[in-house]
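The block underneath contains the structure these notes are about, expressed in structure tokens.
The values are calculated or read from the model by the stated rules, or taken from the named source; none is laboratory data. This structure is a prediction, so every number in the text was calculated from the model and none was measured. Neighbour counts are summed over all protein chains in view; Cβ atoms, including those assigned to glycine, are modelled from backbone coordinates with ideal geometry.
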Ligand SMILES: Nc1ncnc2c1ncn2[C@@H]1O[C@H](COP(=O)(O)OP(=O)(O)O)[C@@H](O)[C@H]1O
Ligand SMILES: [Mg+2]
């Protein structure tokens, strides 16, 4: 007796192929789901908010009357926040990445630092807010200032920048370093003149992605106590302020229907800012496409 | 142009100069290796190496793959230290100072001893920036001097005519052979005393290879050159002395002519007649 | 070429010798120490987080017993006789997380399979950036979307649904974490060696059979790790649940009523006017600690699983 009945196999083949096609279709539909959601989301927000998006919207401060509410304080506040987060997080993040990739010996301290960074990346953002509230706002008495919020946010995005910078530094080919050492360059000269310039596109791309995370985050700032409603601009990093996502949160949670349109208009501004930043990242990535 | 660069400062030659008898002409020793052993972890990669190398000569190192050629040449400028877990014993004297002594600053050593690698490795910068990299990290900032160095080095590496009109273009636009000559120019820019070359032509086409071989012949007038090659014809064509390595040992070291025409050791003969390797 | 006026003769090595200064060696020693300090800061952040949470939580436990906090079934901090049993907040969080998982796991996994096994290079290059955009949308925008679109649509279908409920934020949190599952699972699937697939094809298996019987099992630990990581993200998600979930802590398993998650409670207190030093003020640290422990365990679990996965080939 034959172990395999050929007829049986042949008979079953069309069914198996059909199941294959059906599942392929299902997988494809699932993939389309993400696309669909994105389309609906953009469409909804655009149609709700476009009516409010005019010159006055950028000129006005927040207001109790929806028709007068504007995004000025929040937009400028977001830029202030970036002015703190960018230097702090890049300095700490790139410094850490250089240390880990170029100087760190293989010992328990190094593996502890690495484990720590990967766990830090998974800590909920609101917990960073509790840290910022305790350390920056209260212990260091920075109050609800741009500085307190900026430092909190820098710590939040630090793991993202570290990992991106580590990858960028690691991808600089070994033979470029060897060429530099071979000329009598010291380690730091090699890092500064060869490794970092070659890694800069990767670092910048990662940095911009991290900053766009910082610009869209709300939860830690809520906990730090940044006001939801403000009608003046900060004059220094020690002043209090608000940012776009906080302002949007404020408008979203108001019961009046009209404020939802104002919120949508605010979201358009926020998304436009994010798209702008991401386009810059893409341009950098393409311009400095890997050449080695 | 009346501003000129002198060649590298040559140490005075020792011995009797006799125009008619080359063999009596004694050359200054550049490198003196004695009882060198090297381990990668447990792997004993170099065993009791004893070799002397001389000024204004081309010394070739030949041998089958994995016999320790790269390891040895990288020890000569302590590039080997980039590999973790390497241990050495013995001495390598460069101009009478033991370079394996940790008080010898590697940066000083590598300023005197340049290196050209197997794969061309220009920096992703302009041709000009590539050449001035060495002088700049050593503190030379005067633009006029740098311009002169660039011209002199590129001429020295026989690539000036090909690139003089595009000095500020990216070096990655050059062909492989041109890139390798640019790397040689980059090396010449700090006027080293010795140039180490680890299979500099193995990634190149035959015509580029020929150009580099001619260049090496030219360069030996001003520099001492130590070149690793797995191409025996190349060693025969361009070198004055040849060392044959096998399994981390020097089997035979003498004048290139002797090695190729009248080897002492059976294993050398087997290798150069192509019986293994 | 212009003739320079002066006539000099010099050697580069001599110039180098002249320029050589002692300074450089000191920098070489200083730099690694400075860089080490920056690396230590990331450790200090963790220590800061842990110490902050521990200290403030201890103060909270001086006012409220730890037993009541962990086992109590009532979270009524604002009542005249307040009660601080954290379970309702945990239940609210878990309801949202489970709904998010129901949405995100099948869709994310199917997307990963489509991208790694079926899609052409061209399709992948279109889909992957879209997933990146989806992952990069600020959570407050998702919160707005949940409240102003998903909830009304659901209420058209199920009129009994409350304005604030667990379903709508659950679905939207699922949408938010879906790209994470898709892209991490795809990485796991793609790294399954080709030879394993070819073995199955050679036996006449269809693509689907190969995927389900061979590729998925081989990539299983990577996939599971991605799901655990994504769910940990869902647990910590704040703005979507604050905007659309409501502020009614509840032990009920009903998903149509208003709920409150751990994160939403912290937001509620932060935007309210509970004074510094009150029991309510300290309660946010106790809740934050609970949240931190949950997510830390899940992150460590994901790391443990994916490390095992890396050993497989
Ligand atoms: N980075 C390294 N780590 C450990 N062992 C090495 C390393 N580089 C080379 N070796 C070992 O040292 C021996 C000599 O290698 P190498 O000097 O590269 O040979 P060659 O250049 O003659 O081909 C080989 O056995 C090789 O496996
Ligand atoms: Mg070699």
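Could you please find all residues in the range B:47-71 being assigned to a strand (DSSP E or B) and within 13 Å of ligand 2 (Cβ to nearest atom)? Write out each step before concluding.
Looking only at the range B:47-71, we keep the residues that are assigned to a strand (DSSP E or B), and these are B:47-54, B:58-62.
B:61, B:62, listed by residue number.
Report the residue count in the range B:72-100 for those that are within 14 Å of another protein chain (Cβ to nearest Cβ) and either closer than 24 Å to residue B:235 by Cβ or within 11 Å of ligand 1 (Cβ to nearest atom) (or both).
Here is the first cut: in the range B:72-100, the ones within 14 Å of another protein chain (Cβ to nearest Cβ) are B:73-85, B:94-95, B:99.
Keeping just the survivors that are either closer than 24 Å to residue B:235 by Cβ or within 11 Å of ligand 1 (Cβ to nearest atom) (or both) gives B:73-77, B:79-80, B:82-85, B:94.
So the count comes out to 12.
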Quiz item: Quick check: anything in the range B:195-216 surrounded by 20 or more Cβ atoms within 10 Å (Cβ to Cβ), more than 16 Å from ligand 1 (Cβ to nearest atom) and within 14 Å of another protein chain (Cβ to nearest Cβ)?
Solution: yes
Exercise. Confirm whether residue C:215 is assigned to a helix (DSSP H, G or I), within 12 Å of chain A (Cβ to nearest Cβ) and on the phi < 0 side of the Ramachandran plot.
Key: no
Quiz item: Under 8 Å by Cβ, and 6 or more places apart or on different chains, what pairs join a residue from the range B:48-77 that is without any contact (Cβ under 8 Å) to a residue 24 or more places away in the chain with one that is buried (at least 20 other Cβ atoms within 10 Å of the Cβ)?
Solution: B:52/B:31; B:52/B:33
Quiz prompt | Residue match in the range C:196-210 (condition: modelled with pLDDT of 90 or more, out of contact with any strand residue (DSSP E or B) (no Cβ under 7 Å at 6 or more places or on another chain) and within 11 Å of chain A (Cβ to nearest Cβ)) | solution = no
Practice problem: Scan the range A:210-221 and give yes if some residue there is more than 8 Å from every other protein chain (Cβ to nearest Cβ), in a loop (DSSP other than H, G, I, E, B) and over 15 Å from residue A:144 (Cβ atoms), otherwise no. | Solution: no
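Look through B:127, B:145, B:99 and report the one residue that is surrounded by 19 or more Cβ atoms within 10 Å (Cβ to Cβ) and over 19 Å from the mean Cα position of the chain (by Cα). If you could, list the steps in order and put the result at the bottom.
On the way: B:145 fails: surrounded by 19 or more Cβ atoms within 10 Å (Cβ to Cβ); B:99 fails: over 19 Å from the mean Cα position of the chain (by Cα).
Exactly one residue qualifies, and that residue is B:127.
Within the range C:274-281, is there a residue that is in a helix (DSSP H, G or I), assigned by TED's automatic domain parsing to the domain that holds residue C:75 and modelled with pLDDT of 95 or more?
Start the filter on the range C:274-281 by keeping residues that are in a helix (DSSP H, G or I), which leaves C:279-281.
Now drop any that are not assigned by TED's automatic domain parsing to the domain that holds residue C:75, which leaves C:279-281.
Those left that are additionally modelled with pLDDT of 95 or more: none.
No, there is no match, as no residue in the range C:274-281 is in a helix (DSSP H, G or I), assigned by TED's automatic domain parsing to the domain that holds residue C:75 and modelled with pLDDT of 95 or more.
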Exercise. Check whether at least one residue in the range C:152-164 is in contact with a helix residue (DSSP H, G or I) (Cβ under 7 Å, 6 or more places away or on another chain), surrounded by fewer than 21 Cβ atoms within 10 Å (Cβ to Cβ), at pLDDT below 95 and under 25 Å from residue A:17 (Cβ atoms), and report yes or no.
Key: no
Quiz item: Which one of B:107, B:81 is closer than 17 Å to residue A:185 by Cα, modelled with pLDDT of 90 or more and either surrounded by 15 or more Cβ atoms within 10 Å (Cβ to Cβ) or touching a strand residue (DSSP E or B) at 6+ places or on another chain (Cβ under 8 Å) (or both)?
Solution: B:107
Practice problem: Please tell me if residue A:272 is part of a helix (DSSP H, G or I), free of Cβ contacts under 8 Å to residues at least 60 places away in the same chain and within 23 Å of the chain's Cα centre (by Cα). | Solution: yes
Quiz item: Somewhere in the range C:92-103, is a residue assigned to a helix (DSSP H, G or I) and facing another protein chain (nearest Cβ under 10 Å)?
Solution: yes
Quiz item: When the range B:78-101 is examined, which residues are found to be within 17 Å of residue B:40 (Cα to Cα) and more than 15 Å from ligand 2 (Cβ to nearest atom)?
Solution: B:78, B:81, B:84, B:85, B:86, B:87, B:88, B:89, B:90, B:100
Self-check item: Number of the exception - residue A:234 against (1) under 30 Å from residue A:142 (Cβ atoms); (2) in contact with a helix residue (DSSP H, G or I) (Cβ under 6 Å, 6 or more places away or on another chain); (3) at pLDDT 95 or above
Solution: (3)
Self-check item: From the options B:50, B:56, B:43, residue that is away from ligand 1 (no atom under 16 Å from the Cβ) and exposed (fewer than 14 other Cβ atoms within 10 Å of the Cβ)
Solution: B:50
Quiz prompt | Among residues of the range B:116-167, those that are within 14 Å of chain C (Cβ to nearest Cβ) and touching a residue at least 60 places away in the same chain (Cβ under 8 Å), counted | solution = 5
Practice problem: Would you check if residue B:186 is touching a residue at least 24 places away in the same chain (Cβ under 8 Å), away from ligand 1 (no atom under 16 Å from the Cβ) and under 12 Å from residue B:116 (Cβ atoms)? | Solution: yes
Quiz item: Which of the residues that make up the range B:181-219 are under 24 Å from residue B:111 (Cα atoms), within 16 Å of ligand 2 (Cβ to nearest atom) and more than 12 Å from the chain's Cα centre (by Cα)?
Solution: B:201
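Filter the range A:244-289 down to the residues that are closer than 30 Å to residue A:173 by Cα and in contact with a helix residue (DSSP H, G or I) (Cβ under 9 Å, 6 or more places away or on another chain) and list them by number.
Filtering the range A:244-289 down to residues closer than 30 Å to residue A:173 by Cα leaves A:277-289.
A:277, A:278, A:280, A:281, A:282, A:284, A:285, A:287, A:288, A:289, listed by residue number.
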Quiz prompt | Filter result for residue B:103 (assigned to a strand (DSSP E or B) and away from ligand 1 (no atom under 16 Å from the Cβ)) | solution = no
